[in-house]
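For reference, the structure discussed in these notes is given below.
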C-alpha cells in the first residue's frame, strides 16, 4: 500500500477543482464539484476509490476569501474519510504564490492551481491545519465582526472630517475651549442643526442653553463653547450655497452612519461579553483588557496547547522580524514579517496600547524602546511592547494564572 495521496482543492464561488497527486508527483485523478454540500458529498464519493491504495490522505486548500471554509468544516467532521486519518492544510496564498514562481512559464488556471496546492503539500515544510474548536470559532466570528465595525467607524469619521473642514474650517482642530469629542452627542446636535451662517445668527444666550441641553447639563463651560462656535462660524469659508448645502447634507449623513455603526458595536459588545462567560480564562484580569479585547485574543489564539512556545505564538501573530544580513553587514532596521494572523496581531497591539498606560513596567519598557528608535518611534516601540506582551499572554493561558505585574514583567 502506498503512503500518502495528496489532494489539492482550488476553491471558488461556484465550484471546487480537485487534483489528487501521488508522492512521486504523478497526477492520479482530477475532478470538479459544485461548492455546496451535495458537491462535497460527491467529492468524498469520488475520492474513495482513488484513495483505496493509500494509507493516508493529505487534503489542502488555499486560504483565499471564505470559499473554502464550509467545505473544510464539513470534510473534517464527516466520518467517511477517517480511515485514512487525513492531515489537513489551509495554505497561505503567499506560500503558494512563491512556490508557483519556482516553475518557469507555468500558466495560472484552476486545474493548475489545484495541482500546485497538492505539490506544495507533497514537498512539505508547510504546517498542518488544526480544525478550530467550534466554541472558539463562534467567538471569532463575533470578534472579527467587531473589529470590522471599528474599522468602518474610523473610515466614516475620516470622511466626515473632510466635509467638516470644508464647511466649518478649524472645527475639529481648534485649541479654544470646545467639545471634548467632535463626534459626541452635543457636537453632533450642533452640526446637524446649523451651518456657519445659521449658527452665527443665533443669539449667544440661546446657543448656550441649547448646547447645555444637548450635553444633558454635563458639559463644562457651555458659554465658552458657544463663544468658540460663534468665532468658528465667522471664520469659516463661505462656499457657494449649492455646494454648502450639499456638503452639509453629506456631513449629516456621515454622522447618521457613525451613530448606527456605534449602536451596532454596543449591541455586539454585549453579545461578546455574554459569550465570553462560557470560557475559563484570566485575560480580563489584565488592567485595561475587558471582555471585548480579551475575547479577541482568546478567539484568535484558540486552545493554547496548539503552540509549543511563546515564539510559536508570536510567529502565528506575525510579531517577528526578518533578519537582513549579508557578509559583514547586519541591518539595524528589520521589517516586521506581517505574514501571520492579522486579527491576532491587531488585538495584541491594541492590548499593548491599553496596558502600557496602566502598567508601570510596560510603560517603562515602551518608553525605553521609544527613545532607542531612530525612525517611527511610537509604532516601533508599541510593536516591540506587543511582542513582549505575547509572552505574558502565553504564560497566563498556559498556567491559568491571573495577571500579576510583579511576576509578569517584560525583559
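Return a whole-number percent for the relative contact order of the chain, with Cα pairs under 8 Å and 6 or more residues apart as the contact set.
Worked out over the chain, it gives 12 percent.
Largest first and in whole Å, give the semi-axes of region 2-131's equivalent ellipsoid, each being the square root of 5 times a Cα gyration tensor eigenvalue.
20, 17, 14
Quick check: residue separation of residue 27 and residue 364 times 0.36 nm, minus the Cα distance between them. What number comes out in nm?
Answer, rounded to one decimal: 115.5 nm.
Pull up the DSSP beta bridges for region 2-131 and report the antiparallel fraction as a percent, rounded to 5.
Here the antiparallel bridges make up roughly 50 percent for region 2-131.
Given the peptides 8-16, 190-198, arrange them by the average over their residues of other C-beta atoms within 10 Å, most packed first.
Order by mean packing, descending: 8-16, 190-198.
Taking the 0 to 90 degree range and rounding to the nearest ten, how far is the long axis of helix 241-276 tilted relative to the main principal axis of the chain, both from C-alpha atoms?
50 degrees
Hey, fewest Cβ within 10 Å first, where do 150, 3 land in order?
3, 150
Note the per residue figure in Å³ for the convex hull of the C-alpha positions in region 138-273.
Once divided by residue count, the hull of region 138-273 is 107 Å³.
Given labels modelled 7 Å from the Cα in the Cβ direction, how far is it in nm from residue 65 to residue 135?
Between residue 65 and residue 135, the simple spin-label model gives 3.4 nm.
Which of 106, 356, 147 comes first, and how do the rest follow, when ranked by fewest Cβ neighbours within 10 Å?
Going from least to most buried by this count: 106, 147, 356.
Compute the Cα gyration tensor for region 283-399, then decide on rounded, prolate or oblate, letting a ≥ b ≥ c be the square roots of its eigenvalues: rounded whenever a/c is under 1.5, prolate when a/b is larger than b/c in the other cases, and oblate in all that remain.
The shape class here is oblate.
Using a 10 angstrom cutoff on alpha carbons, build the Gaussian network for the chain and name the most mobile of 89, 316, 293.
Maximum fluctuation in the GNM of the chain, among the listed residues, is at 89.
Can you compute the label reach from residue 239? Point 7 Å from Cα along the Cβ direction, backbone N cut-off under 17 Å, restricted to region 172-192.
172-173, 191-192, by backbone N distance to the label point.
Helix-derived [θ] at 222 nm for the chain: sum -39500 (n - 2.57) over DSSP H runs of at least 4, divide by residue count, nearest 500?
After summing the helix terms and dividing by the residues of the chain, the value is -18000 deg cm²/dmol.
Could you give the alpha-carbon Rg of region 92-183 over 2.2 N^0.38 Å, rounded to two decimals?
The value comes to 1.97.
To the nearest 10 degrees, how steeply does helix 110-123 sit against the main Cα axis of the chain, on a 0 to 90 scale?
Approximately 70 degrees, to the nearest ten.
Of the DSSP beta bridges with both residues in the chain, give the percent that are antiparallel, rounding to the nearest 5.
Within the chain, antiparallel bridges account for around 55 percent of the total.
If r is the Cβ-Cβ distance from residue 266 to residue 159 and R0 is 30 Å, what FRET efficiency results, to the nearest 0.05?
0.90
What distance in nm separates the simple spin-label points at residue 252 and residue 45, each placed 7 Å from Cα in the Cβ direction?
So the label points at residue 252 and residue 45 sit 6.0 nm apart.
What is the helix-to-structure angle for 377-399, meaning the angle in degrees between its Cα long axis and the longest Cα principal axis of the chain, kept from 0 to 90 and rounded to the nearest 10?
60 degrees
In what order do 397, 161 fall by count of nearby beta-carbon atoms within 10 Å, going from fewest to most?
Lowest count first: 161, 397.
In region 1-41, how does Rg compare with the Kirkwood Rh, expressed as the Rg/Rh ratio over alpha carbon atoms?
That ratio is 1.06, to two decimals.
For an R0 of 41 angstrom, estimate the FRET efficiency from the Cβ-Cβ distance between residue 173 and residue 145 and round to the nearest 0.05.
0.80
FYI, it's all coordinate maths here, none of it is from the lab. Fair warning: this is a prediction, and the values are worked out from it, not measured in the lab. Virtual Cβ from ideal backbone geometry, glycine too; neighbours counted across all protein chains shown.
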